[in-house]
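Comments concern the structure below.
Throughout, read-outs are computed from the coordinates displayed, never taken from laboratory work. All figures in this text were calculated on a predicted structure; none of them were measured in a lab. Cβ: placed from backbone, ideal geometry, glycine included. Neighbour counts: every protein chain shown.
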Amino acid sequence: MMFTLSVGYGQDVNRKVGLGLQASLPSLALSAKFALSESSMIQANMAPFGSGVFSINYYGGRYIYRFPDSNGGTVELDPYVFTGLGALTYKLDLLGDVTRDSFLAYSVGGGAELIVAKKLGISAELSYGRMNVLAGLGVSGIFAGGGFHYYLK
């Protein structure tokens, strides 16, 4: 969770397109990252996996500003900051009484991605996020997340 980008860099960081998984409360999503430049990325997340009595689906995007490690080693650490916006949908089915709704969610935060062999990215992050769950009612707080991405050249 796509398109091919043709971007020229002064340094080949091998992280122009990444595909993988991104976890952040309340979902685990398929994820695709696309480099706009050496420092700027956009990320699309999609979690259409909800099922059962209470199911949540998430569709969203992020802008990521990273600080790439340019030492050229086989293991690199890239700190980053991000802001994200998305839509959550939920369904609650209690003994045939079904409630459905969707709401807006946003987040701002930062983290670091460990790049191994210039292809595998493992990230950990903290963010402040808010989900508007009902009219006039929102849930906000500090959330932990992480991801795993394979970068195509």
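A few remarks follow.
- With the simple spin-label model, which puts each label point 7 Å out from Cα in the Cβ direction, the S55 to K91 separation comes to 0.4 nm.
- Proximal charge balance of T74 [Cβ under 11 Å; K/R count +1, D/E count -1]: +1
- Net +/- balance of residues flanking T83 in space, Cβ distance below 15 Å, scoring K and R +1, D and E -1: +3
- On the basis of the beta-carbon distance and an R0 of 25 Å, Y63 and K153 show a calculated FRET efficiency of 0.65.
- The range 84-153 and the range 25-82 have Cα centres spaced 10 Å apart.
- Modelled FRET efficiency - R0 30 Å, T99 with S40, Cβ distances, 0.05 increments: 0.15
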